[in-house]
């Protein structure tokens, strides 16, 4: 897969990551262990799937700029690897150019 395609795929996921950042900000203090519905952060632009995770779990995934939450079946073996399997969702980590783009577009990188 060429770098341009990998950049586009990582860019798509970064858009969904920003949506989930806004969802997380909307939670009240003390709700960190409650289940929250997040958007699937897969590379498919038209994806509207939701998954459930706690804010603590989301924070753990977001501690790594190359990692995303996706619903099972939305992972892409050509640009990412599954690093965790959880009930109702997967944690994937971008590799190669897609990983570099994901890390560069991470709104939390400093």
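For the range 42-49, the criterion of being in contact with a helix residue (DSSP H, G or I) (Cβ under 7 Å, 6 or more places away or on another chain), modelled with pLDDT under 80 and on the phi < 0 side of the Ramachandran plot is satisfied by at least one residue.
Among the conditions (1) in a loop (DSSP other than H, G, I, E, B); (2) touching a residue at least 60 places away in the same chain (Cβ under 8 Å), the only one that residue 98 does not satisfy is (1).
If we scan the range 4-22, do we find a residue that is at pLDDT below 85, surrounded by 14 or more Cβ atoms within 10 Å (Cβ to Cβ), in contact with a helix residue (DSSP H, G or I) (Cβ under 9 Å, 6 or more places away or on another chain) and in a loop (DSSP other than H, G, I, E, B)? The answer is no, given that none of the residues of the range 4-22 is at pLDDT below 85, surrounded by 14 or more Cβ atoms within 10 Å (Cβ to Cβ), in contact with a helix residue (DSSP H, G or I) (Cβ under 9 Å, 6 or more places away or on another chain) and in a loop (DSSP other than H, G, I, E, B). Condition check for residue 92 on (1) out of contact with any helix residue (DSSP H, G or I) (no Cβ under 8 Å at 6 or more places or on another chain); (2) more than 14 Å from residue 41 (Cα to Cα); (3) surrounded by 13 or more Cβ atoms within 10 Å (Cβ to Cβ): one failure, at (2).
The values are calculated or read from the model by the stated rules, or taken from the named source; none is laboratory data. What you are looking at is a predicted structure, and each value in this text was computed from that prediction instead of being measured. Counting neighbours? That spans all protein chains shown, and the Cβs are built from the backbone with ideal geometry, glycine included.
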